[in-house]
Amino acid sequence: MIRQASLTEITFVATLAQELWPENTVASLEAEMRESLKNSDTAFFLYYADNQAVAFAHVQLRHDYVEGTDSSPVGYLEGIYVQEALRKQGIAGQLLTACQTWAKQQGCTEFASDCELTNDESLRFHLSHGFIEANRIICFTKKL
């Protein structure tokens, strides 16, 4: 079962998100997510199996330029995660559909996402769900 996460479910989302982004703490992710939910341009979806949250997706409207798109706002898949034992069962695809439906309801005509250059699993997921690669970039930083 998929449902849009309410503010009371943000701890579940943050716990799953920490598995995806282990360099963060659950507390920091939860605080960031609570803040982002104050804005109607963000939604989180949870997938429940046996009354347990086992997967999530984060979608957002991006009003700035999104690589390869022509419109604004653009629905943007910020993150998607399924616990390892439940992968390859179509859960991520169902979450993606929920995110895309939400973006359409917000008036979007385009949807986008990204992944790390080395994340072959994510690349395969995106391509298998109709995404077309728009560009590859390498980002640089420098301390001043």
*In region 12-73, which trypsin sites (Lys or Arg not before Pro) fall in coil by DSSP and have 13 or fewer other Cβ atoms within 10 Å?*
LYS38
_Quick check for you: with a 1.4 Å probe and neighbouring chains kept, what is the accessible area per residue of the chain, in Å²?_
63 Å²
*In region 41-82, chymotrypsin sites (Phe, Trp or Tyr not before Pro) in a DSSP loop with at most 16 other beta-carbon atoms within 10 Å*: TYR65
*Using only alpha carbon positions, build the gyration tensor of region 17-122, then give the equivalent ellipsoid semi-axes as the square roots of 5 times its eigenvalues, largest first, whole angstrom.*
22, 16, 15
*Share antiparallel - DSSP beta bridges, the chain, percent rounded to 5*: 90 percent
*Taking only C-alpha pairs under 8 Å that are 6+ residues apart, what is the relative contact order of region 43-103 in percent?*
35 percent
*When the accessible area of the chain is split by element with a 1.4 Å probe, what percent falls to carbon and sulfur?*
51 percent
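Can you list which of the trypsin sites (Lys or Arg not before Pro) found in region 99-144 are DSSP loop residues with at most 16 other C-beta atoms within 10 Å?
Here the trypsin sites (Lys or Arg not before Pro) that fit, given the DSSP loop and packing criteria, are ARG136, LYS142, LYS143.
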*What number, in percent, do you get for the relative contact order of the chain if the mean sequence gap of Cα pairs under 8 Å and at least 6 apart is divided by its residue count?*
19 percent
*In square angstrom, rounded to the nearest 10, how much accessible surface does MET1 have for a 1.4 Å probe?*
120 Å²
*Give me the Debye-computed log₁₀ of I(q)/I(0) at q = 0.19, 0.29 Å⁻¹ for region 84-143, equal point scatterers on Cα only, no solvent, two decimals.*
-0.85, -1.30
*Please work out how much length the chain gains when fully extended from SER72 to ASP120, using 0.36 nm per residue of separation minus the C-alpha to C-alpha distance, in nm with one decimal.*
14.4 nm
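The values are calculated or read from the model by the stated rules, or taken from the named source; none is laboratory data. What you see is a predicted model; the values in this text were computed from it and never measured. Note that we place each Cβ from the backbone using ideal geometry, even for glycine, and neighbour counts take in every protein chain shown. Calculation scope for accessible area: heavy atoms of the full protein, side chains included, ligands and nucleic acids excluded. Shrake-Rupley method; radii C 1.70, N 1.55, O 1.52, S 1.80 Å.
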